[in-house]
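The values are calculated or read from the model by the stated rules, or taken from the named source; none is laboratory data. Source: prediction; values computed, not measured. Note that we place each Cβ from the backbone using ideal geometry, even for glycine, and neighbour counts take in every protein chain shown. What goes into the accessible areas is simple: the full protein's heavy atoms, side chains included, and nothing from ligands, DNA or RNA. Shrake-Rupley method; radii C 1.70, N 1.55, O 1.52, S 1.80 Å.
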Amino acid sequence: MAENHPQNKARLICETRRRFEAEFVSDKSDKYDPRDVERLQQDDNWVESYLHWRHNVVDDTLKMIDESFQWRKEFSVHDLTESSIPRWLLEVGGIYLHGYDREGNKLFWIRVKYHIKDQKTIMDKKKLIAFWLEHYAKRENGKPITVMFDLSETGLNSIDLDFVRFIINCFKVYYPKYLSKIVIFDMPWIMNAAFKIVKTWLGPEAVNLLKFTSKNEVQEYVSVEYLPPHMGGTDPFKYSYPPLVDDDFQTPLCENGPVASEDETSSREDVESDGKETLETVTNEEQTALPKKVNPTESSSKAEENEKVDSKMKAFKKPLSVFKGSLLHISPADELYFGSTESGEKKSLIVLTNVTKNVVAFKVRTTAPEKYRVKPSNSSCEPGASVDIVVSPHGGLTVSAQDRFLIMAAEMELSSGTGPTELTQFWKEVPRNKVMEHRLRCHTMESSKPNTLILKDNALNMSDKTSEDIYLKLSRLLESNKKFEDQLQRCIWLQQLLLALIMLLFALVVTFFYSLYN
């Protein structure tokens, strides 16, 4: 199609810029934030996103940009910070970014039960929406987002069509092309009429982005690991503030952290990257995993270093759980256990085992890149071999249960090299559907801990039987907690059903008396 031709797209972008400058900016310089005007002249993707949403009709695109820029100045989106939002609103946890859908899009959670219609606070709530969207847009320019409207435990006092319309306008006008879909969970029947109105605001094309779900259907769009228990998921995430929720997977700060103890700063392997390296620009040493066997041609000094590393690896405890993926077996399966700061057991180990007949490239990302050293974070694993990945908190930073690690793996062709350049090019070209992903949560143990992979300088001599007993007790405790949550959820459902029956009875009584007197 001609409209999609690169030359025609460039022409439309130039025309949009020229006309906007001539027709909207020249005599109204104070109408917009100058930072938006400057960005419009420099960012082709931004202009193209407006054109795309208005089907490449320049006149309609200009009107949309005008409305969007006025709104951006009115809400001062460039200057919105945490301090711009009332602290109580951030603490409630009604609006936040967390997790990913099955397509890899970020989830934007709106927990409607925490919203009470109130004209005194509506502007602050709108600013919170704008704050999160701008926060996301600055970091993930152009990547779609999935809105999760969680209507569970919602009552009539939470219905606020003005607020819903504002959210829809954010994606229709202010942040075009950012909306992937709107997943509406557990919508009460009393809100059916309200959402018929909402559909008229979306327009015929955007209506297809609405996905009405219950516990049975929501997993079509979001996997259980990013769904809370009341949605049938297993995500242990509990919202809290401060700090601001931020669980995007990024490159670890120090990818060449030491395998040995912290005081061995003179080790050649203790090379600080200071967060300046990216996934595409990694060092040669970072690409080299810790092998199980030493090549005979290596120098004696290298052999001594490996022997030192092997002696340190003996301090790790073997896991009780293994995730068996299509390309890699990953130990531990679900959680990285870190000891308390007082105990000095601050490091944890991930073991990857290649179960294919080809070389498997892997890389590790984390939601808290400034907090962890990961060694190695981007390398490859030979067929049948295993690789040890050491994870340690950086400096005196504390491990948080909200921190996550993402392990990405993909099978390489036999002819492909495994050097830094080849790996960088490989990750740029590998199709997403060929990449295996597995996520790990973080967990800290203050005193005793289950038998998992933990590295420490003075390992506690605990028998295997004692370790297994502790692990079994912990498993039983988690299982009983899950049963309690299920019972609580059933009580909530029965309460909602009772409320619906009462409202239905009330409606029947009103109808009866109305017909009686008329």
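Quick look at the numbers
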read-out: Within region 420-444, tally of residues that are under 17 Å from the mean Cα position of the chain (by Cα) and open to solvent by 40 Å² or more (accessible area, probe 1.4 Å); value: 4
read-out: Complete set of residues in region 349-384 that are at pLDDT below 85 and either within 18 Å of HIS329 (Cα to Cα) or open to solvent by 10 Å² or more (accessible area, probe 1.4 Å) (or both); value: PRO369, GLU370, LYS371
read-out: Residue within region 62-71 that is more than 22 Å from CYS170 (Cβ to Cβ) and touching a residue at least 40 places away in the same chain (Cβ under 8 Å) present; value: no
read-out: Selection within region 75-93 - without any contact (Cβ under 8 Å) to a residue 24 or more places away in the chain and under 30 Å from SER223 (Cβ atoms); value: VAL92
read-out: Sole exception among (1) modelled with pLDDT of 90 or more; (2) open to solvent by 30 Å² or more (accessible area, probe 1.4 Å); (3) touching a strand residue (DSSP E or B) at 6+ places or on another chain (Cβ under 8 Å) for LEU253, by number; value: (1)
read-out: Residue in region 388-399 that is modelled with pLDDT under 85, buried (at least 20 other Cβ atoms within 10 Å of the Cβ) and part of a loop (DSSP other than H, G, I, E, B) present; value: yes
read-out: Residues of region 171-193 classified as touching a strand residue (DSSP E or B) at 6+ places or on another chain (Cβ under 8 Å) and not charged (D, E, K, R), total; value: 9
read-out: Filter result for the condition that a residue is outside any strand (DSSP E or B) and either of a type in the set (A, V, I, L, M, F, W, C) or in contact with a Gly (Cβ under 9 Å, 6 or more places away or on another chain) (or both), over LEU440, LEU414; value: LEU414
read-out: Filtered residue count, region 349-387, keeping only those that are β-branched (Val, Ile, Thr), in a strand (DSSP E or B) and within 18 Å of GLY417 (Cβ to Cβ); value: 2
read-out: Those residues of region 401-418 which are buried (at least 16 other Cβ atoms within 10 Å of the Cβ) and either aliphatic (A, V, I, L, M) or closer than 21 Å to SER331 by Cα (or both), in sequence order; value: GLN402, ASP403, ARG404, PHE405, LEU406, ILE407, MET408, ALA409, ALA410, GLU411, MET412
read-out: Some residue of region 171-189 being within 26 Å of ILE502 (Cα to Cα), among the aliphatic types (A, V, I, L, M), surrounded by 14 or more Cβ atoms within 10 Å (Cβ to Cβ) and in contact (Cβ under 8 Å) with a residue 40 or more places away in the chain; value: no
read-out: Which listed residue, of SER68, SER76, is in contact with a helix residue (DSSP H, G or I) (Cβ under 7 Å, 6 or more places away or on another chain) and at pLDDT 90 or above; value: SER68
read-out: Failed item, numbered, when TYR239 is tested on (1) open to solvent by less than 30 Å² (accessible area, probe 1.4 Å); (2) aromatic (Phe, Trp, Tyr); (3) at pLDDT 80 or above; value: (1)
read-out: Residues located in region 190-226, provided they are within 15 Å of THR154 (Cβ to Cβ), modelled with pLDDT of 75 or more and open to solvent by less than 20 Å² (accessible area, probe 1.4 Å); value: THR213
read-out: Total residues in region 488-498, condition at pLDDT 75 or above and open to solvent by less than 100 Å² (accessible area, probe 1.4 Å); value: 1
read-out: Test set (1) closer than 11 Å to VAL360 by Cα; (2) in contact with a helix residue (DSSP H, G or I) (Cβ under 9 Å, 6 or more places away or on another chain); (3) not small (Gly, Ala, Ser) - PRO383 fails condition number; value: (2)
read-out: Hey, ASP118 acidic (Asp, Glu) and in contact (Cβ under 8 Å) with a residue 40 or more places away in the chain or not; value: no
